[in-house]
Amino acid sequence: MKLKTLLLLIVFVTKFTTAQKTLYLAPLSKSKNIPSGAKYHDKNLSAEERAKDVLRYLSFEEKLALTGGNRMYFKAIERLGLRQIRMADASQGVHLRESLDGKNKISTSFPGMLALASTWNKELSKTFGKNIGEECRVLGIDILLGPGINMQRLSVSGRNFEYFGEDPVLTSRLVSEYIKGLQSQKIIATPKHFICNDQEFCRHITSIDLDERTLREIYLPPWEAAITEADTKALMTAHNNVNGIPCFMNKPLMNDIVRNEYGFNGIAMTDWQNSEYFPSKQYLVTGSGQSLLMPKNKAFTSYVNSYIKRYPDKKPEMEKQLELMVYYNLLPLFEMGIYDRAPIDPNFSDKIKSHKTFARKVAEEAICLLKNENNILPVTKNKKILLTGSEEIHSGSGSGFVEGYDHSGFEKGLKEVYKENITFIENPSDNDITNADVIIYRLNKKGGEGHDVKFESPIDEINELSRIASLNDNVIVIISSCNPMPMNWKDKVKGILWTYYLGQERGNALANIVSGKINPSGKLPFTIEKDFNDSPDPDYNILGGEPYYCGGNHCYKKYFLGQEKDSDSQIVKNIKPHQLIHVPYEEGIFMGYRWYEKNKIAVNYPFGHGLSYTSFKFDNLTLSSLKLDKNEDLTINLTVTNTGEIEGSEVVQLYISDNECSVERPVKELKAFEKVHLKPGETKEISFIVTTRDLSLWSVDEGKWIAENGTFDVLVGSSSEKIHLKENFILQ
């Protein structure tokens, strides 16, 4: 190592260590700095009273400071006994950056959010959030920056692994439970990224242009559920603009809808970096509903100081606006008791041991059986198995990456079950392939923050799969990916398991599924199209006639700000500094399966698809009324029976179709779902309640939800394509 590099490293480590030692982390009860007459240290007072009391003792400069963060912290006001508040990235677990107490810490790498969505299990999602909350308590994390709840508008988005798929109802129900579980441990949830950060392509400098109906029916429901059902204490605004206004200063969305309509009173923080892209628009921050600029508020501070210097008589008015922002930031910290406790609670340490078992359970429920020709799965232990393909991916890259510990990879997990009957060869010969009874091929596709992924990839791995399938008829493909790919090989193989990014217990989970110890029950939370050209917007990222995939600061930030002439050549040739790239959502509400059904486009595998080693029968569909008034709820009952020979779980999916509407609506829409576990021969009754809101559409003219009279179909199935029961009713 060169001397200069070594000296720089020593300086960095010294500064970092010093910063760690100077963190103020004491709870209020340990502080000797409470001002005379102050009340905010009194835990018997309401959170509202305590937050407002703090404001009385803050200077103008301190109020301004508390509208911004410091790297991964909300700033301390040590003279008032208010400690620093620590944040961590999520959602597959806790993304560790540094240890708060200097000790070696570990965090569990659970399956990713798309894998969690594949379970369609609301109770599991709540426990998932609870377990991560427990890890936060041990690691000294006060605010978790997750879960990600953007929509999978396109299959190529790099961060699809962090989100819950393409349907707003599925996302809403699972996200709501996740947040409840996390916040039950007094950890603040921060669903992200509000709103329409649905692709990584130039994410900081794009404007997502869409109409109000599309916003209301597709993109806003998960946020409404997070706020009104789960009472999330924070949210994170997105990098992108919406209809030309940056999300972090978008008053119509943040203030008017999120705060005034939904009643959100918590922390509205920016994503890291986005406030730095629009230094000339900082005047839009106050009054927008935004409250915390991360990781710092340098541009906003400069604007405020310049403003009051120019208009000194406006300082009191500006101070009132800053007070409101700071109040929103302080209120959740008192509500969750964060200022009243030390960051690290060792009492939670013993609970972490059970999280490995839980991570395996989630992985088992997430694995989705797409194809099982001639019942090639489960594989008996006497078969001669060849495992091939590169090592699987356990987590997406970027801020959502979670390293984990004590990994059980696919090879390790399968060898523990199949012993000497399974052999791993990374590059098998023709003889190796033909001599095996069964081939298990690992097919991987990377995804992560800051870039989208090509639909066509991974080309080399797909070519190798085609070679293997031409030499052996008994091929099972294990797909570690959260992004679809060409599947023109699917008719040449007998088994396909979609395994997403399953975290550290992936090997044990896969072995249990492949061997039949566990019956697969995962259901796709997205559609797998045949070709990306079939999707709603295959040209979303075309710049100068060529697709562009980057969404990182290094690609365009300085150029966009006018600070350098040279940047990525494709950017320089096609946009000017400060010029937004517009991405119109022209498909409107027809996203995901709604798009493919409307346009009658055949897909490889539909939304909600997933096979089992057993079989189920849906029967006895009844409705509480065949003529429904608009103030009535509709109760729907049916039975599900396990008609096979082994126990298993099925996801009952309820779709509604509006047959008589004044505006175009989807062929059908998911409105409810329930996962049910059944022993062989067992029957259970399932009940759903459908409200008027479930039947409604957003009227742009009236600015509200309306339910139109007419006939509606009730459709119950095991996927969006496989409908088993149908009945109709009239809304009058």
Discussion item. Exceeding 24 Å between C-alpha atoms, which entries from my cross-link table qualify? They are Lys251/Lys320; Lys356/Lys490; Lys445/Lys679; Lys296/Lys356; Lys30/Lys356; Lys30/Lys130.
Written reply: Lys356/Lys490; Lys445/Lys679; Lys296/Lys356; Lys30/Lys356; Lys30/Lys130
Fill in: Distance between modelled label sites at Glu426 and Asn44, nm, 7 Å Cα→Cβ extension
6.8
Practice prompt. Name every cysteine in the chain that ends up alone, with no second cysteine's Cβ under 4.7 Å, or say none.
Written response: Cys136, Cys196, Cys202, Cys247, Cys368, Cys482, Cys661
Practice prompt. Highest first, please rank the peptides 384-395, 122-133 by the mean number of other Cβ atoms sitting within 10 Å of their residues.
Written response: 122-133, 384-395
Worksheet entry | Cβ-defined net charge surrounding Arg203, 11 Å radius [Lys, Arg +1; Asp, Glu -1] | -4
Worksheet item: Hey, got the dipole for the stretch 504-623? About the Cα centre, +1 on K and R Cβ, -1 on D and E Cβ, debye to the nearest 20?
Response: 300
Fill in: Dipole-positive endmost among Asn431, Gly389, Asn374 within the stretch 351-529 (Cβ charges, Cα centre)
Asn374
Worksheet item: What ranking do Tyr24, Tyr548 get, fewest neighbouring Cβ atoms within 10 angstrom at the top?
Response: Tyr24, Tyr548
Item to complete: Sort the following peptides by mean Cβ neighbour count (other Cβ atoms within 10 Å, averaged over residues), highest first: 368-381, 591-604, 623-636, 233-246.
Response: 233-246, 591-604, 368-381, 623-636
Practice prompt. Give, rounded to the nearest 20 debye, the magnitude of the charge dipole that the stretch 25-348 has about its Cα centre when Lys and Arg contribute +1 at Cβ and Asp and Glu contribute -1 at Cβ.
Written response: 1040
Worksheet item: What is the Cα convex hull volume of the stretch 197-278 when expressed per residue in Å³?
Response: 91
Response to the item:
Counting only residues 5 or more apart in sequence or on a different chain, those whose built amide H sits under 5 Å from that of His724 are Val716, Gly717, Ser718
Worksheet entry | the chain - share of DSSP beta bridges that are antiparallel (%, nearest 5) | 60
Item to complete: State the extension gain, in nm to one decimal, for the chain segment bounded by Asn599 and Lys103, taking 0.36 nm per residue of separation less the distance between their alpha-carbons.
Response: 172.9 nm
Worksheet, complete the sentence: Karplus-derived 3J(HN,Hα) from phi for the stretch 682-693 (6.51 cos²θ - 1.76 cosθ + 1.60, θ = phi - 60°), whole Hz, x at Gly and Pro, runs 7, 10, 10, 8, 10, 10, 10, 10, 10, 9, 4, 4
Item to complete: Provide the packing ranking of 570-581, 153-164, i.e. peptides ordered by the mean count of other C-beta atoms within 10 Å per residue, highest first.
Response: 153-164, 570-581
Discussion item. I'd like the Karplus ³J(HN,Hα) series for the stretch 323-339: coefficients 6.51, -1.76, 1.60, θ = phi - 60°, whole numbers in Hz, and an x wherever there's a Gly or Pro.
Written reply: 4, 5, 4, 5, 4, 4, 6, 7, 3, x, 5, 7, 4, 8, x, 6, 5
Discussion item. Report the gain in length on full extension from Asp256 to Lys384: 0.36 nm times residue separation, minus Cα-Cα distance, nm rounded to one decimal.
Written reply: 39.8 nm
Discussion item. Net charge around Ser107, counting only other residues with Cβ within less than 14 Å of its Cβ (Lys, Arg = +1; Asp, Glu = -1)?
Written reply: +1
Discussion item. Tell me whether the stretch 615-731 comes out rounded, prolate or oblate; compute the Cα gyration tensor, take square roots of the eigenvalues as a ≥ b ≥ c, and use a/c under 1.5 as the rounded threshold.
Written reply: prolate
Worksheet item: Just going by the charge dipole of the stretch 615-731, with Lys and Arg at +1 and Asp and Glu at -1 on Cβ, which of Pro666, Ser718, Ile636 is farthest out on the positive end?
Response: Ser718
Response to the item:
Taking the alpha-carbon centre of each part, the distance from the stretch 291-310 to the stretch 468-499 in Å is 53
Worksheet entry | Electrostatic dipole magnitude of the chain [Cβ: Lys, Arg +1; Asp, Glu -1; Cα centre; debye, to 20] | 2900
Worksheet item: Based on DSSP H runs of at least 4 residues, each adding -39500 (n - 2.57), what is the mean residue ellipticity at 222 nm of the chain after dividing by all its residues, to the nearest 500 deg cm²/dmol?
Response: -8000 deg cm²/dmol
Worksheet item: Where does each of Leu174, Leu561 land when they are ranked from fewest to most other beta-carbon atoms within 10 angstrom?
Response: Leu561, Leu174
Worksheet item: Which of the listed residues, Val285, Phe74, Thr237, is farthest toward the dipole's positive end in the stretch 25-348, when Lys, Arg count +1 and Asp, Glu count -1 at the beta-carbon?
Response: Phe74
Worksheet item: Angle, helix 3-21 long axis vs. longest principal axis of the chain, Cα atoms, 0 to 90°, nearest 10?
Response: 80
Worksheet item: Taking Cα pairs under 8 Å and at least six residues apart, what relative contact order does the chain come out at, in percent?
Response: 14
Worksheet item: Roughly how many whole Å is it from the C-alpha centroid of the stretch 45-100 to that of the stretch 133-168?
Response: 22
Practice prompt. Rounded, prolate or oblate: pick one for the stretch 25-348, where a ≥ b ≥ c are the square roots of the eigenvalues of its C-alpha gyration tensor, a/c under 1.5 means rounded, and failing that, prolate if a/b is larger than b/c, else oblate.
Written response: oblate
Worksheet, complete the sentence: If amide H atoms are modeled at 1.01 Å from N in the peptide plane, then the residues at a separation of 5 or more from Asn70, or on another chain, having amide H under 5 Å from its own are Lys75
Worksheet item: Can you give the convex hull volume per residue for the Cα atoms of the stretch 171-223, as a whole number of Å³?
Response: 88
Worksheet entry | Rg(Cα)/(2.2 N^0.38 Å) for the stretch 25-89, N = residue count | 1.12
Worksheet item: How about the stretch 456-502: which GluC sites (Glu not before Pro) there lie in a loop by DSSP and see at most 12 other Cβ atoms within 10 Å?
Response: Glu456
Discussion item. Can you work out the Karplus-derived ³J(HN,Hα) for every residue in the stretch 723-732? Use 6.51 cos²θ - 1.76 cosθ + 1.60 with θ = phi - 60°, whole Hz, and x for glycine or proline.
Written reply: 9, 9, 9, 9, 8, 9, 8, 10, 9, 10
Practice prompt. For Lys704, go through the aspartates and glutamates and keep the ones whose alpha-carbon is under 16 Å away, minus same-chain ones fewer than eight residues off.
Written response: Asp211, Glu212, Glu217, Glu224, Asp256, Glu261, Asp694
Worksheet item: Quick one: if you stick a label point 7 Å off each Cα along the C-beta vector at Lys281 and Lys627, how many nm between them?
Response: 5.4
Discussion item. Let me check I've understood the local charge: for Ser480, count other residues with C-beta under 12 angstrom from its C-beta, Lys and Arg +1, Asp and Glu -1. What total comes out?
Written reply: +1
Worksheet item: In the stretch 673-732, what GluC sites (Glu not before Pro) fall in a loop by DSSP, with at most 13 other Cβ atoms inside 10 Å?
Response: Glu682, Glu702
Item to complete: Enumerate the amide H contacts of Leu543 below 5 Å, restricted to partners 5 or more residues apart or on another chain; note that Pro and chain-start residues carry no placed amide H.
Response: Tyr548
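Computed from the coordinates by the stated procedures, all read-outs in this text should not be read as laboratory data. Note that this is a predicted model, so its numbers are computed, not measured. Backbone-built Cβ (ideal geometry, glycine too); neighbour counts: all protein chains shown.
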